[in-house]
Structure formats: C-alpha cells, structure tokens
1. Filtering segment 391-412 down to residues that are over 22 Å from the mean Cα position of the chain (by Cα) and touching a residue at least 24 places away in the same chain (Cβ under 8 Å), which residue is farthest from Thr259 (Cα to Cα)?
2. In segment 212-234, what count of residues is obtained for those that are under 23 Å from the mean Cα position of the chain (by Cα), within 14 Å of Ile359 (Cβ to Cβ) and of a type in the set (S, T, N, Q)?
3. Return yes or no: is Ala308 in a strand (DSSP E or B), at negative phi and touching a Gly at 6+ places or on another chain (Cβ under 6 Å)?
4. I'm trying to understand the selection: among the residues of segment 2-32, which are touching a helix residue (DSSP H, G or I) at 6+ places or on another chain (Cβ under 7 Å), within 13 Å of the ligand (Cβ to nearest atom) and either assigned to a loop (DSSP other than H, G, I, E, B) or modelled with pLDDT under 95 (or both)?
5. Within the bounds of segment 162-169, is there any residue that is part of a helix (DSSP H, G or I) and touching a residue at least 40 places away in the same chain (Cβ under 8 Å)?
6. Just checking, how many residues over segment 37-78 are away from the ligand (no atom under 11 Å from the Cβ), among the basic types (Lys, Arg) and touching a residue at least 12 places away in the same chain (Cβ under 8 Å)?
7. Of a type in the set (Gly, Ala, Ser), within 16 Å of the ligand (Cβ to nearest atom) and assigned to a helix (DSSP H, G or I): does that describe Ala378?
8. Given the conditions (1) part of a loop (DSSP other than H, G, I, E, B); (2) modelled with pLDDT under 95, which single one is not true for Leu345?
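The values are calculated or read from the model by the stated rules, or taken from the named source; none is laboratory data. Predicted model, so just to flag it, every value in this text is computed and none were measured. In this analysis, Cβ positions are derived from the backbone assuming ideal geometry, glycine residues included, and neighbour counts consider all displayed protein chains.
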Amino acid sequence: MNIPKSTLPRVVIIGGGFAGISMAKRLANKSIQVVLLDKHNYHTFQPLLYQVSTAGLEPDSIAYPLRKIIKKHKHSFFRLADVIHIDTKNNSVETDIGNLAYDYLVIATGTKTNYFGNSAIEAHSMPMKKVPQALNIRSLILQNFERATIANSEKERRALMNFVIVGGGPTGVELAGAIAELKNHIVPRDYPDLDAETMEIHLLEGNNRVLPPMSEHASKKAEQFLKRLGVNVHCSTIVKDYDGKIVRTNSDLELHSETFIWAAGVTGAPVKGLQADALMERSNRYKVNRYNQVEGYSNIFALGDIAAMTTETYPYGHPQVAQPAIQQGQRLGKNLMNLISGKPLKPFTYRDKGSMATIGRNKAVVDLHKFKFAGFFAWFVWMFVHLMALVGFRNRVIVFFNWSYNYINFDKAARLIIRPFKKE
Ligand SMILES: Cc1cc2nc3c(=O)[nH]c(=O)nc-3n(C[C@H](O)[C@H](O)[C@H](O)COP(=O)(O)OP(=O)(O)OC[C@H]3O[C@@H](n4cnc5c(N)ncnc54)[C@H](O)[C@@H]3O)c2cc1C
C-alpha cells in the first residue's frame, strides 16, 4: 500500500463516513500515523441523497473528496481500498489493493440496505444508500416521464407515472415530498403532453404512523403535509412482493408501478474476520463497550452506525443517524490518544440534539427536547442545520445557491439523464 514505515503507532480507520472522518480530524497532526481506507474516494452526505434522486442537487454538491479532508493532516494517509477481511491474529487488514498492518483498528463501515431476506424485492427495487444509486433513481424517474409521453396504452402510462416508496422514516417521507414537488411544479411545465394529475405517489409504511422514531406530533404533521402535497400515505402496510411490475402488500392494496424505491431499513455492513459473537445478530452491528472497543478485542474499535453501544437509554444501541457517529468519532479520537499515552479513558455519552425531517417547500417537522414545531420555521431550521453540516465550504455555497434558485423559481436544476438506468 506504500505507507511509509514509522515509529509512530498506526491507526487504520475503515470508512470515511461521518464517524471515520470525525475521528481522522481529531487525530490530525498528533504523534499517530493515521491510515484512512474507503472503497469510495469521497465522503457522502447521505441526508441529502434524496435531493440528488429528485434532481434538486448535483451529486458533487453532497460528496466531498476524502483526500481533501486529510491533505493537511501530518502523518495521515488515504488509500482507495475495499477492505475484505481482518486478520486479528496478525493485526492486519486484507484489501483489494494489498494488506496493511495496524496497531489499532477502527471499523466505521456504516450500513447497507436491508431487504429483510426478500430476494424479489432486492432484485427489482431501487435502493438509495449511495450516490450512484441516487443517480439511478434520478435517471429512472426522468426516463419514466419520457416513456410515459409515448406510452401506447393508459395502463402502461399509469404504471410509469405511479411512484411507490417503501419506508415512512425520514428518508421515505423526504423523498415522497420531493417527488410530489416534481409532480406539482416540474411535470406540468416540462411535459405539457402528460396529464400531471394522473401521476400518483404512494408512501407505504409498516408502522401505524410515518416517522416512527419521532414524536406523535411530528408524525401527524408530516402526514398532513404529505397529503396536502398529494401523496397517498398507507400506514400499517407491509410490502410482500414486487416483481418489477406489481407491488403486493399484506392488505388488498396492489399497485402497478415501474418505480419502486426501497427506503425501509438498513443493516450493518461488517467486515469478515472477527469472532461471530462480536456481532449483534438482530442488527449486524458490532457490540462495543462505552469506549467503542469491540467485545473480545483490546485494539479493535467500532464507530457510528456499525457500532451497537447498549446503555439503559439505548438498549439496542444508539440511533443510526449522523450525530452519534460524529460524537463517537470525536470521543474515540481523544480516548485513543489517552490510551497511547497511558492516561485514563472517558466513557462515551450521547448528546441527543433532536431530530427533524422536511416534507417540501416551507414544510418540515422538528423535535427538540422541550420543543416540537412544524411548518415554515421548522423548514428554515432544517435548511440551516443541513447547510452547516455539509462537508466543505464550496458544497455549502453550491447547495445554498441551488436552494435559493429552486425557491424563487419553483425549479429543479438537475433534470438530466446523464447515465441512463437500465433495469436488469
Ligand atoms: C438516504 C439516507 C438519509 C439519511 N438521512 C439522515 C438525516 O437526515 N439525518 C441523520 O442524522 N442521519 C441520516 N442518515 C443516516 C446517516 O447518514 C448515518 O447515520 C451516518 O452516515 C452514519 O455514519 P457512519 O460513519 O457510521 O457510516 P457511513 O456514513 O455510512 O460511512 C461508511 C463508510 O464506510 C465505507 N465502507 C463500507 N464498507 C467498507 C469496506 N469494506 N471497505 C472500505 N470502505 C468501506 C463506505 O464507503 C462509507 O464511506 C441517512 C441515511 C441515508 C442512507
């Protein structure tokens, strides 16, 4: 891997997501050699993937080069590498570009889409976890509009204009709202030969309310906003099958659709090599103690979505969102420096700053500890928080410009089929 030999202890971090980069930043310019490995050469700001899927933002405004993050850090290296195996006996990771020895290993590999063992759904649905997948959805939506304009039958046209989103968590809700805005503002202008009224958006959620992790107030408001935008919300509805044409559910509801987006859940993305009981079976996350140390190992740590740190308040681990990942990265950075210099470690405590979701222009819901609010102010807060959380000044400026342009013109700038999506 061409990493120089050094007398400094080597920390290998697998994954340049929120957790991995927050830890790498904390170790910057310290007497530690840091090697960051990721199978992509960029960090993805996943909370805004849905805006790439719906032509609101270009992908490069939510992705950021990992090399740019660490380029000024002394003793830090990045390698574009897919980690395949961990050899815990020899303290080494095996990757597609070679092996690398570590003194300390930090696993921050996040999650992957969970299809709950349904292979038909896995084969035919559109996941949205990565930038290329968001671009696939963007292409498919636009291709389906194009195909609808030349469809031979009403049945075919309706299937092309029917959009089904599974999962009423923040991702599904935000995506449904953004597709509804395409229907309300873009389709009538760009596709005068299509009747926008025939376009349907269905949001399917297994729970009895949307946004189950948020307050009842947020759920109720979000559902109202969605309905106002014309989204059909189906709660207590579980998808049983999708063959590429028809969505079948646990009720009488059957939907003909060419666009079936799966936002129903994630499962951990562990790397092979650790003993089986280091993983929590139900979520595929590594069991870690309050210092993020993986059960059974003294020099292997896990952070963020892939780590299950169980506490009284979080019996199944912290919520799989950005804040715990960032905060754990910062804490472990400090703890590792203490460990190396023989100082005591401090246990991790999560500071929950609240949660939020947007449903479209002027519509969002925010749950803070004491305050719960919805509507324009919530939307403003949502925009501000997301803008500030984006990695890189350039990205913040571009996103701000795009959002302002969209707001003033009711327009979405990236309606491009650059790389056509082909169903296999
Ligand atoms: C569509 C979507 C919307 C979301 N919206 C929100 C939101 O609004 N607010 C919020 O707080 N959270 C949101 N989340 C969740 C949030 O993005 C995650 O909690 C957060 O990204 C977790 O950070 P992480 O560092 O643990 O993992 P990730 O950010 O997923 O990073 C993992 C990294 O590891 C790399 N990797 C994985 N396996 C390997 C391997 N074997 N070898 C090399 N590299 C590897 C990946 O390429 C990736 O860069 C959303 C997630 C999704 C998918």
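1. First pass over segment 391-412, keeping only residues over 22 Å from the mean Cα position of the chain (by Cα): 401, 404-411.
Pick out the ones that are also touching a residue at least 24 places away in the same chain (Cβ under 8 Å) and you get 406-407, 410-411.
Working: Asn406: 24, Tyr407: 27, Phe410: 24, Asp411: 22 Å.
Taking the candidates together, the pick is Tyr407.
2. 1
3. Working: in a strand (DSSP E or B): yes; at negative phi: yes; touching a Gly at 6+ places or on another chain (Cβ under 6 Å): yes.
For Ala308, the condition - in a strand (DSSP E or B), at negative phi and touching a Gly at 6+ places or on another chain (Cβ under 6 Å) - is met.
4. Gly16, Gly17, listed by residue number.
5. As a first pass, look at segment 162-169 and keep what is part of a helix (DSSP H, G or I): none.
Within segment 162-169, not a single residue is part of a helix (DSSP H, G or I) and touching a residue at least 40 places away in the same chain (Cβ under 8 Å).
6. The total comes to 4.
7. Numbers: of a type in the set (Gly, Ala, Ser): yes; within 16 Å of the ligand (Cβ to nearest atom): yes; assigned to a helix (DSSP H, G or I): yes.
Spelling it out, Ala378 is indeed of a type in the set (Gly, Ala, Ser), within 16 Å of the ligand (Cβ to nearest atom) and assigned to a helix (DSSP H, G or I).
8. The number of the failed condition is (2).
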